[in-house]
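What follows is a single structure, written as structure tokens, with notes after it.
Values quoted throughout were computed directly from the atomic coordinates according to the rules given, and no laboratory measurement underlies them. These numbers were taken from a predicted model, which means no experiment stands behind them. With ideal geometry, Cβ positions are generated from the backbone for all residues, glycine too; neighbour counts draw on all protein chains shown.
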Ligand SMILES: NC(=O)c1ccc[n+]([C@@H]2O[C@H](COP(=O)([O-])OP(=O)(O)OC[C@H]3O[C@@H](n4cnc5c(N)ncnc54)[C@H](O)[C@@H]3O)[C@@H](O)[C@H]2O)c1
């Protein structure tokens, strides 16, 4: 992370982490809690109340952790979740490639539509910082040993195609947030 970005997170913040029940989101949540931040963690709703990998967060960190169950495809929930948050780290996504061939609509609704919901909510709330994760999958299979920014997007799989809009949305929204 660039030095200027680190400076903004060295003070104590309230941070929303989407996809917090997932592999990366749960580790990021734990790290942020260890650094003294307050984390609102969104895990995908299910009827069992299963919070995924968040169940491994050490008990002593839980006072600063607010776990919410929900779905990023719901724009109303997104408005509610971003309220009072200084920073949003967006990690919720459907990532499995085989299932993307079976249910491409779910991937578009979640990865593109869900990201749009979140970014719109952040724009309305004037959230100071938003970080949207994408994937190198949007560039397709590597043709060169060293990747550069000049490589074009090549979305041949549904997972790649559904990640292309969030990647471009991220650029637009970051520009909008910086200019506000
Ligand atoms: N793991 C990697 O090596 C890797 C590499 C590059 C990029 N990424 C990107 O990082 C992000 C997180 O990856 P991960 O490995 O932690 O994935 P993961 O599948 O472990 O976590 C994603 C989380 O998002 C949640 N989710 C899915 N749909 C949702 C919805 N509609 N509403 C709310 N939550 C929903 C899932 O339940 C899951 O807990 C993804 O965008 C992924 O493409 C991951």
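Here are the numbers:
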quantity	calculated
Within region 50-61, considering residues that are more than 12 Å from the ligand (Cβ to nearest atom) and part of a loop (DSSP other than H, G, I, E, B), the one farthest from residue 110 (Cα to Cα)	58
Residue match in region 2-20 (condition: within 9 Å of the ligand (Cβ to nearest atom), under 20 Å from residue 133 (Cα atoms) and surrounded by fewer than 17 Cβ atoms within 10 Å (Cβ to Cβ))	no
Pair list, Cβ < 6 Å and 6+ apart or interchain, from region 104-133 residues that are in contact (Cβ under 8 Å) with a residue 60 or more places away in the chain to residues that are surrounded by 17 or more Cβ atoms within 10 Å (Cβ to Cβ) and not in a loop (DSSP other than H, G, I, E, B)	118/78; 118/90; 129/87
Residue check for residue 67: surrounded by 20 or more Cβ atoms within 10 Å (Cβ to Cβ), on the phi < 0 side of the Ramachandran plot and within 16 Å of the chain's Cα centre (by Cα)	no
Selection count, region 21-49, where residues are assigned to a helix (DSSP H, G or I), surrounded by fewer than 20 Cβ atoms within 10 Å (Cβ to Cβ) and near the ligand (Cβ under 9 Å from one of its atoms)	3
